[in-house]
Each structure stands twice: as structure tokens, then as C-alpha cells.
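Visitor: Structure incoming, see below.
No lab work stands behind these numbers, since they all come straight from the coordinates. Small disclaimer: the values here were computed from a predicted structure and weren't measured. Here the Cβ is made from the backbone with ideal geometry for all residues, glycine too, and neighbour counts use every protein chain on show.
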Amino acid sequence: MNKDKQLEIAIHCLDEHKAEDLKPIDVEGLSPFAAFYLLVTAPNIRALGALAENLEEELEKNGVKVVQKEGNPDSGWMILATNELIVHLFTDVNRKEFDLEGLLAKLKTKTMEAADFALPNA
């Protein structure tokens, strides 16, 4: 299945299950791992786990294999990856803390420095 269809399925599924602030980011040519990142906020940690589970089921029902899963709801950040899409599911606090939107914006403008890769509180 092509990358646009995978993204469409993911957005529809997550939106239907009350995910918040869905933001697809085209990283084709910037990332060797995927064509799109999809950043998503879950309203709470319980919803975080449910969103990840529902998304994995929906993708696989549509013939898209989830090749990697990382994190757990208690961490506040989970990742599901297919061959074209990496979905980052966050709680609101973690999404703000890690600021992947900001990091990716710097990457797209190629103005990154080593300090930009440091984790918060590292």
C-alpha cells in the first residue's frame, strides 16, 4: 500500500478514536526510515494505549504491517512504525517537552547543531 493511503488510514482511525492535534509531516528525503511522521496527542495515558492498539489493528486490517512498536502508555510516548509511516503518540506534556515539530522544522531548514539533538534534562 502506498504511503499516502497509509497516512490516510492512520489519520482517519486516530481521529475517529478521539486523538488530538494530529500533525502529518512529510519527511521523505530527510528520513531513511519513513515518508511521513504523524504526531498525535492522546488526552491521557489510558487513551494513549488504546489509540496505539486501535491504530495497529486498523493498519493490519488494511494489509499494512506494523514493523516496530516502542514505548508504553506509562512512559507518555509510544511509536508505531510501518514501512512508510512513523506514528508518534504522546501525552500533551511529553509532546511539548520533546518538541518534535521544532526539531523537524530545523531539520528541514538544515540549521541544526549538535545541541539540537540533546534530550530535555540530559
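Visitor: So, R0 is 22 Å and r is the distance between the beta-carbons of Glu101 and Ser75; what FRET efficiency does that work out to, to 0.05?
Guide: For Glu101 and Ser75, the calculated efficiency is 0.70.
Visitor: Further question on the same structure: With respect to the cross-link table entries Lys3/Lys65; Lys3/Lys108; Lys5/Lys96; Lys5/Lys69; Lys18/Lys108, which display a Cα-Cα separation exceeding 18 Å?
Guide: Details: Lys3/Lys65 13 Å; Lys3/Lys108 20 Å; Lys5/Lys96 28 Å; Lys5/Lys69 20 Å; Lys18/Lys108 29 Å.
From Lys3/Lys65; Lys3/Lys108; Lys5/Lys96; Lys5/Lys69; Lys18/Lys108, over 18 Å: Lys3/Lys108; Lys5/Lys96; Lys5/Lys69; Lys18/Lys108.
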